[in-house]
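Colleague: First, the structure itself, so that you have it in front of you.
Read the figures in this text as sums done on the coordinates, not as results from a lab. Predicted, not measured: the structure shown is a model, and the values here were computed from it. For neighbour counting, all protein chains shown are included, and Cβ atoms are generated from backbone atoms with ideal geometry for every residue, glycine included.
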Amino acid sequence: MTQSTDLLQQLAEIATDSPLDAARQQRDAATKHTQGSYDVLFHASASGEFPLAARLAIARQVAHWHEEIPLAEHYASRLANSSLADKWLPALAHAERLTFTPAAATPEHLHALEQAGLCRETIVTLSQLVGFVSFQSRLLRGLRLLNGEGVPAGNGEPTVAGGWNSASLTVSGKLAQVAFTRDELGWEPWLASKPLAEFNAVEQATLAKFGHSDSDYFRLLGRNLPLLEQRTLADKGIFYTSGGLPRKERELAATAASKVNGCIFCASVHARKAVQLSKQPDEVDRLIATDPGKTLAEAQSPRWLALIDLAASLSATPPVPTLAQLDTLRGLGLSEIELLDLVQSTAFFAWANRLMLTLGEPFIYAE
């Protein structure tokens, strides 16, 4: 795979040697592997059951749903034929669900895709594609904002907590988690994970390198291992880098995004980490206890209020962050690299939540 040009720098019109360009160079791993994920998903050689034309057509529509027109036009420009074959209409309907209401996904939706003739590898790649373009759209929106470009800001209403799956049992009969929590949870897939023995030695080494060999989630995503590798490296580049926004606040942003999307599992992981790092359990618990339809950014310190406010707005579909929110954060002393970290940490969970919510579900570990 040949590394292509930095697409987001082009679309956001980020000037070379600008403060934002310098910040992105400082976060070079995130920049490189975000582009690397695009390269894997939309490589010119993509063919077989999920050909490039279908991928581009679905990506164009997902970008349109996010009202990220330059991104949609980019995908359209790569399409030789703008129409989507009828066989891909079930996939497009699934993409719409993942875009707008990922918490409403059920195992039956995946079974319907299988009945429509999509294999497990294609279903995983489709879910990754929608999650990636959801991330890419928010990252581009945030970069344009940081670059001083005003973007559409919706109706000005604050973004609220989303709904979530409240079924008492998982599809396999385990006790489901029906409220947000900081407790450690399990997660079970709705599609069979790829058995470790079916990965070759090189692929097993890739899984082991990231500690994913025993994870049902990662062995499921391993049905497209090159993309999983790029995504994992982007994740590490966003969350595990030194300097910039404190890690506790990157975890806070991930938690806020998970509340908007209704992802109990992701929120449990990142709320727990936010508390470990911040030693502020009451504040984090107030965030994850927010009822559906209620404003997230309440009863917090001014800094956390502003961080949650922008993270929530960026997590809406379509995203609705404003220059006023950015100005508030700058007024609180956040630097360019800290703001970039906030945007990237939030945007990444548009991707992570959509995978967790639509490929499986959390469960409570037995006592």
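Colleague: Starting from the alpha-carbon convex hull of the chain, give the projected area averaged over all orientations, in nm².
Modeller: Working: hull surface 71.1 nm².
Projected over every direction and averaged, the Cα hull of the chain covers 17.8 nm².
Colleague: Running a GNM on the chain with Cα contacts under 10 Å, which residue among D28, D291, D86 ends up with the highest mean-square fluctuation?
Modeller: Answer for the Gaussian network model of the chain: D86.
Colleague: In the chain, how many lysine pairs have Cα atoms under 21 Å apart, counting only pairs 8 or more places apart or on different chains?
Modeller: 12
Colleague: With no solvent and one point on each alpha carbon, what is the Debye value of log10 I(q)/I(0) for region 239-367 at q = 0.15, 0.19, 0.20, 0.22 Å⁻¹?
Modeller: These q points yield log10 I(q)/I(0) values of -0.65, -1.06, -1.17, -1.42.
Colleague: Go through 220-233, 307-320, 172-185 and give me the packing order, highest mean Cβ count within 10 Å leading. Intermediate values should be presented prior to the final figure.
Modeller: Values: 220-233: 22.0, 307-320: 25.1, 172-185: 15.4.
Those peptides, ordered most packed to least, come out 307-320, 220-233, 172-185.
Colleague: Also, quick follow-up: What full-extension length gain, to one decimal in nm, is calculated for N200 and E184 as 0.36 nm per residue of separation minus the Cα-Cα distance?
Modeller: Details: separation 16, 0.36 × 16 = 5.76 nm, distance 3.14 nm.
Roughly 2.6 nm would be gained on extension.
Colleague: May I have the extent of the alpha carbons of region 54-148 along their three principal axes, as whole Å values ordered from largest to smallest?
Modeller: Projected onto the principal axes, the Cα atoms of region 54-148 cover 47, 33, 18 Å.
Colleague: I need the phi-derived Karplus couplings for region 52-69: 6.51 cos²θ - 1.76 cosθ + 1.60, θ = phi - 60°, integer Hz, Gly and Pro marked x.
Modeller: For region 52-69, the Karplus curve yields 4, 4, 5, 4, 5, 5, 5, 4, 4, 5, 4, 4, 4, 4, 8, 6, 9, 5 Hz.
Colleague: While we're looking at this one, here's another question. Skipping prolines and chain starts, which residues have an amide H placed within reach, meaning under 5 Å, of the one on G360, given they are 5 or more residues away or on another chain?
Modeller: Here the answer is W190, since their amide H atoms fall under 5 Å of that of G360.
Colleague: Taking each pair of different alpha-carbon atoms in region 193-279 once, compute 1/r for the pair, average those values, and report the inverse of that mean as the Kirkwood hydrodynamic radius in Å to one decimal. Walk me through the intermediate numbers first.
Modeller: Details: mean 1/r = 0.0696 Å⁻¹.
Its Kirkwood hydrodynamic radius stands at 14.4 Å.
Colleague: Can you work out ³J(HN,Hα) from phi for every residue in region 212-228, in order, using Karplus 6.51 cos²θ - 1.76 cosθ + 1.60 and θ = phi - 60°, giving whole Hz and x for Gly and Pro?
Modeller: Ordered by residue, 3J(HN,Hα) equals 9, 4, 9, 9, 4, 4, 6, 6, 5, 5, x, 5, 10, 5, x, 5, 4 Hz.
Colleague: If you don't mind, there's one more thing I want to ask. Have a look at T241, T125, T346 and tell me which one the Gaussian network model of the chain (Cα, springs below 10 Å) gives the largest fluctuation.
Modeller: In the Gaussian network model the winner is T241.
Colleague: Based on the mean of other beta carbon atoms within 10 Å per residue, what is the order of 54-66, 203-215, most packed first? Mind showing how you got there, number by number?
Modeller: Working: 54-66: 22.6, 203-215: 14.9.
Those peptides, ordered most packed to least, come out 54-66, 203-215.
Colleague: Here's a follow-up. Could you list which residues have their amide H under 5 Å from that of G262, counting only those 5 or more apart in sequence or on another chain, with H placed in the peptide plane?
Modeller: Distant-sequence amide H within range of G262: G162.
Colleague: Oh, and also: For the chain, set up a Gaussian network in which alpha carbons nearer than 10 Å are linked by springs, and say which option among T31, T322, T16 fluctuates the most.
Modeller: Result for the chain, Cα springs under 10 Å: T16 fluctuates most.
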